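Accompanying notes for the structure given below.
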Amino acid sequence: MSTLRRMCALVIPLTLEGCRTAVLSPAGPIGAANRTILLDALVIMLAIVVPTILAILAFAWWFRDSNKRARRQLTFTYSGRVELIVWSIPALVVFFLGGIAWIGSQLLDPARPIASPTKPLEIQVVSLDWKWLFIYPEQGVASMNYLVAPAGVPLHFRITSASVFNVFFVPRLGSEIYSMYGMTTQLNLQADQPGVYPGLSAQFSGDGFSDMAFDLRAVTADEFSAWAAATSASGPVLDEAGYRDLLKQSQNVKPYTYRSVETGLFDAIVMQRLPPGEGPGSTAPQEN
């Protein structure tokens, strides 16, 4: 028993560590709405799962061999009342789950703006092999594998890929969405409170996939303005030549920033006026 207690003491903290990035621990309105849908669906499904399990146990106990009071109708083949119960409960579950999914898909459309008196912050996202590029068109700066945003302000993301499919996902803030070469997807998120929220790629995309992660750091409005001003004062320039360098495969890329971004660079990527990335398996990855 002493050994078992020690093992539990070691395992429990490790399991709780996952709560730091858990979908069920939302930090924004979209994440909270996603959690509500998941919990509602869970409750509806339990409405059929729990009675079914209890009925199995009850039938097994009642029709045990030693119970002489149980009526065993060996020639029983059909009952309209039993059929009604057996089919009506799953039908109601499907009806309610379908309703939740349909309403949720409308209210949580990734392209639907978040209702707020504050103007959304525009952020352009490019998934590369194997790193994330974030461009702030209004501030004229960019960052690599590091995202800074003001808390309480809606974030409007325009997302594309430089090569293969990827999935942009910040679990605690809400919905994930694909990034695709030659296409733009939109996503609206918001962090309600300052903090650091891990983000990741939610689709396998090659050797460097496991390290294709970033942190979204939500700060106050004043801290964000100060960060943008400090970023614009130092660092390299992200122009066409700099972007072509980014197309080379690399892993474990440390976060850094660009002091300025060539106007229209994101649109040039989307419109395929710039070449695509190499793609997984084409060359040996580089360590940065």
Worksheet item: Where the Cα atoms of the stretch 121-279 are projected onto their three principal axes, how long is each span, largest first, in whole Å?
Response: 39, 31, 26
Discussion item. What are the membrane-span-like helices in the chain by this rule: whole DSSP H runs, Cα extent along the axis at least 18 Å, mean Kyte-Doolittle hydropathy at least 1.0?
Written reply: 29-62, 80-107
Discussion item. So if each residue of separation counts as 0.36 nm, and I subtract the Cα-Cα distance between A202 and D245, what length gain in nm does that give?
Written reply: 13.0 nm
Practice prompt. Could you pull out every one of the lysines with an alpha carbon less than 26 Å from that of K254, ignoring same-chain neighbours closer than 8 positions?
Written response: K131
Worksheet item: Working out 0.36 nm times the residue gap between A230 and D109, then minus their Cα-Cα distance, what length gain in nm do you get to one decimal?
Response: 40.1 nm
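Multiply the residue gap between F59 and K119 by 0.36 nm, knock off their C-alpha separation, and tell me the result in nm, one decimal place. Each step should come with its number before you reach the end.
Working: separation 60, 0.36 × 60 = 21.60 nm, distance 6.05 nm.
So the extension gain works out to 15.6 nm.
Taking other Cβ within 10 Å of each residue's Cβ, how do R64, R112 sort, fewest first? Don't skip to the end; give the middle numbers.
Values: R64 9, R112 12.
The fewest-first ordering by Cβ neighbours comes to R64, R112.
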Worksheet item: How many angstrom separate the Cα center of the stretch 240-257 from the Cα center of the stretch 51-129?
Response: 46
Item to complete: Kindly provide the helix-only [θ] at 222 nm of the chain, computed as the sum of -39,500 (n - 2.57) over DSSP H runs of four or more divided by all residues, to the nearest 500 deg cm²/dmol?
Response: -12000 deg cm²/dmol
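Could you list the trypsin sites (Lys or Arg not before Pro) in the stretch 198-288 that lie in coil according to DSSP, counting only those with at most 15 other Cβ atoms within 10 Å of their Cβ? Walk me through the numbers on the way to the answer.
Working: sites: R217, R244, K248, R259, R273; in loops: K248, R259, R273.
Hits after loop and neighbour filter: K248, R273.
Each value in this text was obtained by applying a stated rule to the coordinates, not by laboratory testing. Here the structure is a predicted model, which is why all the values come from computation and not from measurement. Counting neighbours? That spans all protein chains shown, and the Cβs are built from the backbone with ideal geometry, glycine included.
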